[in-house]
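Heads up, the thing below is written out as structure tokens.
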Amino acid sequence: MSKNFNIDYKDDYNKWFDSPYYHILYENRDHIEAKNFIEKIIKYLKLDKGSKILDAACGNGRHSIEIEKLGYKVLGIDLSKNSIKKAQKNENKNLNFLIHDISIPFESEFDAVFNLFTSFGYHTKKKDLDVLYAIEKNLKNGGIGVIDFFNINKVKKDLIENEIIIKRNIKFKITRKIHKDYIKKSISFYDKKKEYNFNEKVNNLSLDNFINYLSKTNLEIQEVFGDYDLNPFNSKKSSRLIIVLKKIPVK
Ligand SMILES: C[S@@+](CC[C@H](N)C(=O)[O-])C[C@H]1O[C@@H](n2cnc3c(N)ncnc32)[C@H](O)[C@@H]1O
């Protein structure tokens with residue numbers, strides 16, 4: 001009995017993120033990490049209280065929740081129905097969540113758009129660009145974007161090819177492989193005597209790839225940080241690639 005959720009690279013959306021097992025495996029990606037980072041980046045950005053912020057690919061809303069607590073109006077969007085359902089339990093008049101594709105812009109504009117914790121690069125390169133165009137369109141002139149991606153050089157250096165993680169009595173077998181254009185993670189496990197197989201593929205994007213993408217937009221790099229404590233980016237050593245963008249005012 002095998003239940004297979006193998007997702008093709010060209011597939012529009014990776015169902016792994018919508019599966020309850022994704023949340024079981026990564027239950028430690030918690031609100032404390034999100035809170036610490038959000039407090040630091042918001043302090044750095046000095047956005048006016050009451051500003052409108054879009055959390056693009058918000059997952060279960062861990063960052064959105066922290067941003068709203070600091071006095072902002074937040075909309076979190078994600079394609080995962082289950083994550084949004086979970087996030088909506090925290091809604092209030094300044095905090096809302098919607099199922100929405102981050103490559104499709106809204107009519108309204110935001111003071112800032114966040115795309116956090118590797119929520120970019122899951123689709124084709126054309127769609128990567130569409131996500132950036134949507135970020136641009138969603139921002140007011142002079143608005144700020146923050147993209148938090150992995151540092152590909154560090155990922156390559158530290159790659160653990162095979163790993164077993166046991167969570168709630170489920171033994172997750174994880175294999176990771178770096179291909180020319182993407183990193184593929186395969187996750188296999190049994191639960192209640194059924195076999196499950198999921199794949200997660202993320203484009204291998206370096207800072208240079210982002211610079212190339214961004215040259216096609218009206219978004220300008222303001223700063224590049226290398227971790228959640230906002231230390232400067234170092235391509236060999238940094239754990240993260242956190243790009244702060246500004247929408248160049250269109251006259
Ligand atoms: C690694 S998770 C991070 C989620 C969240 N930002 C966090 O830190 O917990 C990546 C998220 O991107 C979402 N995602 C991927 N492609 C998307 C798209 N085109 N539109 C909306 N959400 C998308 C997935 O559903 C998933 O929730």
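The values are calculated or read from the model by the stated rules, or taken from the named source; none is laboratory data. Because the structure is predicted, anything quoted here is derived from the model rather than measured. Backbone-built Cβ (ideal geometry, glycine too); neighbour counts: all protein chains shown.
Restricting the first member to the range 133-157 and to residues that are among the small types (G, A, S), and the second to residues that are assigned to a strand (DSSP E or B) and surrounded by fewer than 21 Cβ atoms within 10 Å (Cβ to Cβ), the beta-carbon pairs closer than 6 Å and six or more apart or on different chains are G143/D111. Against the numbered list (1) out of contact with any helix residue (DSSP H, G or I) (no Cβ under 8 Å at 6 or more places or on another chain); (2) at pLDDT below 90; (3) surrounded by fewer than 14 Cβ atoms within 10 Å (Cβ to Cβ), D30 comes up short only at (1). Out of all the residues in the range 164-187, is one or more within 19 Å of D208 (Cβ to Cβ), within 16 Å of the ligand (Cβ to nearest atom) and part of a loop (DSSP other than H, G, I, E, B)? Within the range 164-187, not a single residue is within 19 Å of D208 (Cβ to Cβ), within 16 Å of the ligand (Cβ to nearest atom) and part of a loop (DSSP other than H, G, I, E, B). Scanning the range 23-67 for residues that are of a type in the set (F, W, Y) and touching a residue at least 24 places away in the same chain (Cβ under 8 Å) gives F37, Y44. Here K89, K52 are screened, and the one residue that is farther than 30 Å from K167 by Cα and either surrounded by fewer than 21 Cβ atoms within 10 Å (Cβ to Cβ) or at pLDDT 95 or above (or both) is K52.
Of all residues being within 16 Å of E39 (Cα to Cα) and either of a type outside the set (F, W, Y) or out of contact with any strand residue (DSSP E or B) (no Cβ under 9 Å at 6 or more places or on another chain) (or both) in the range 227-247, which is surrounded by the most Cβ atoms within 10 Å (Cβ to Cβ)? Just the residue, please.
I242
If you filter the range 19-43 down to residues that are over 29 Å from S186 (Cβ atoms) and charged (D, E, K, R), you find that the one that is farthest from the ligand (Cβ to nearest atom) is K43.
The residue that is farthest from the ligand (Cβ to nearest atom), counting only those in the range 81-137 that are among the polar types (S, T, N, Q) and part of a helix (DSSP H, G or I), is Q88.
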